[in-house]
Amino acid sequence: MEHLRWRTSVNEREFIETALQSDLRVDGRHSFDFRKLRISFGREDGSSEVQLGETHVLGYVTAQLVQPYRDRPNEGTLAIFTEFSPMADPAFEPGRPGESAIELGRVIDRGLRESRAVDMESLCVVAGKHVWSVRVDLHILDNGGNLIDAANIAALAALSTFRRPECTVGGDDGQQVIVHDPEVRDPLPLTIHHMPIAVTFAYFGEGNIVVVDPTYKEEAVMGGRMTATINSNGDICAIQKAGGEGVMSSVVMQCLRIASVKAADITSKIKKAVDSYTTEKALKKVKRLPATLPQKINVTDVTMEDKVDDELETQTVKTPSDVQEISKDPATTGKARSHEDAQPMLTESSNAEVKITSSSGAVGESEEAQEIGSPKSLKDAIKPKHKRKKNKK
């Protein structure tokens, strides 16, 4: 791909090559030094953001249930998709992916899928019918050089934090798949056996000068490139030589030894970032009780004081022996009624059940009050004035 954003002149090319011969690079690094690596994660599981110098890549992982391939009915699938936006580089055209996007996806796919880094058999739900298809989308946000290494790290970080929903098999025939909600059952992580790390080398001066992690300007000047995918154990997962100048076998072996050291260092950084993200998310997670389970509420015991009972007793009508006699004089009767009306009224719960019976023979004397089952107020305990006059006659 011809770079349209920055074209090197003869003087710039000579300056870069002369600096490399002195073991110096334009950005101040040595030949086998990586740029500063920064790994961050989004709010959702399976999203990662990687910054390798000026190169910026975003990775996102999704999964869905599909039918497996006929030749592999017990294995799930893993697919890598790349998107080159003109925002990242003016040389990238929107629409269908170009040669660079296809090459990037194939190199990362070969390193992950062909090396069996992800356990595909664990993605099987029902053999021959339902398996999980994992999709990794890589979005290039800024092209600062060495897209393969940055995109590979973004894919590994996203796969390490991805959680797929848990599903069970049931039904009458035992073939019905039930996908559980994350709030009902915790999602399950992917089974990753190892982390294949891509390390890219650039060759200058007929293959005599080798540098690691080339920048955008160095890629415009380099004569060839080779990408070695190696895990932390030193196992070679894939090697990609994208044309250009030939390289001697001794130089290739030297690059593989260097790539093994760099892969172990990058693997530790990815695991450290993933552990930090997992710990932080576990602290923020709030465990909620299901709505079907009864919740226990502790309530302090409340005791009624005797004072309340005493107040209720004072408001009730006195016993028959303490009932006041009703005076024959109307003035005295009026005072008695006003005195009775001045007392506070009782509530329905504390109304006294009292019934007063009087005889017509006794004047100025009241009969004894007897309690019965019908509730009455204090006003009902005293007969109206006109009724007393009739009894008198």
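The values are calculated or read from the model by the stated rules, or taken from the named source; none is laboratory data. Source: prediction; values computed, not measured. Backbone-built Cβ (ideal geometry, glycine too); neighbour counts: all protein chains shown. What goes into the accessible areas is simple: the full protein's heavy atoms, side chains included, and nothing from ligands, DNA or RNA. Shrake-Rupley method; radii C 1.70, N 1.55, O 1.52, S 1.80 Å.
Here are a few things to note about the model shown:
- Selection of segment 133-150 for residues being farther than 30 Å from Asp27 by Cβ and open to solvent by 10 Å² or more (accessible area, probe 1.4 Å) yields Ser133, Arg135.
- Condition broken by Ile153, with the remaining ones in (1) modelled with pLDDT under 95; (2) open to solvent by less than 10 Å² (accessible area, probe 1.4 Å); (3) under 26 Å from the mean Cα position of the chain (by Cα); (4) under 18 Å from Thr82 (Cβ atoms) satisfied: (1)
- Reported count of residues in segment 64-81, each being in contact with a Ser or Thr (Cβ under 9 Å, 6 or more places away or on another chain), assigned to a strand (DSSP E or B) and crowded, with 20+ Cβ neighbours inside 10 Å, is 1.
- Residue list for segment 162-175, restricted to those being surrounded by fewer than 22 Cβ atoms within 10 Å (Cβ to Cβ) and on the phi < 0 side of the Ramachandran plot: Arg163, Pro165, Glu166, Cys167, Thr168, Val169, Gly170, Asp172, Asp173, Gln175
- For Asp119, the stated conditions hold: it is open to solvent by 30 Å² or more (accessible area, probe 1.4 Å) and modelled with pLDDT of 90 or more.
- Within segment 148-168, residues that are under 24 Å from Val212 (Cα atoms) and touching a residue at least 24 places away in the same chain (Cβ under 8 Å) sit with their Cβ atoms under 7 Å from residues that are assigned to a helix (DSSP H, G or I) and among the small types (Gly, Ala, Ser), at 6+ positions apart or across chains, in these pairs: Asn152/Gly111; Ala157/Ala273.
- His30 passes every criterion in (1) outside any loop (DSSP other than H, G, I, E, B); (2) open to solvent by 80 Å² or more (accessible area, probe 1.4 Å) apart from (1).
- The set of residues in segment 248-274 that are free of Cβ contacts under 8 Å to residues at least 12 places away in the same chain, among the basic types (Lys, Arg) and either closer than 18 Å to Val211 by Cα or in contact with a helix residue (DSSP H, G or I) (Cβ under 7 Å, 6 or more places away or on another chain) (or both) contains only Arg257.
- Contact map, segment 213-227: first residue touching a residue at least 40 places away in the same chain (Cβ under 8 Å) and closer than 12 Å to Phe201 by Cβ, second residue hydroxyl-bearing (Ser, Thr, Tyr) and buried (at least 22 other Cβ atoms within 10 Å of the Cβ), Cβ cut-off under 8 Å, separation 6 or more or different chains; pairs are Asp213/Thr200; Pro214/Thr200; Thr227/Thr200.
- Test: Ile258 is open to solvent by 60 Å² or more (accessible area, probe 1.4 Å), among the aliphatic types (A, V, I, L, M) and closer than 21 Å to Met195 by Cα: no
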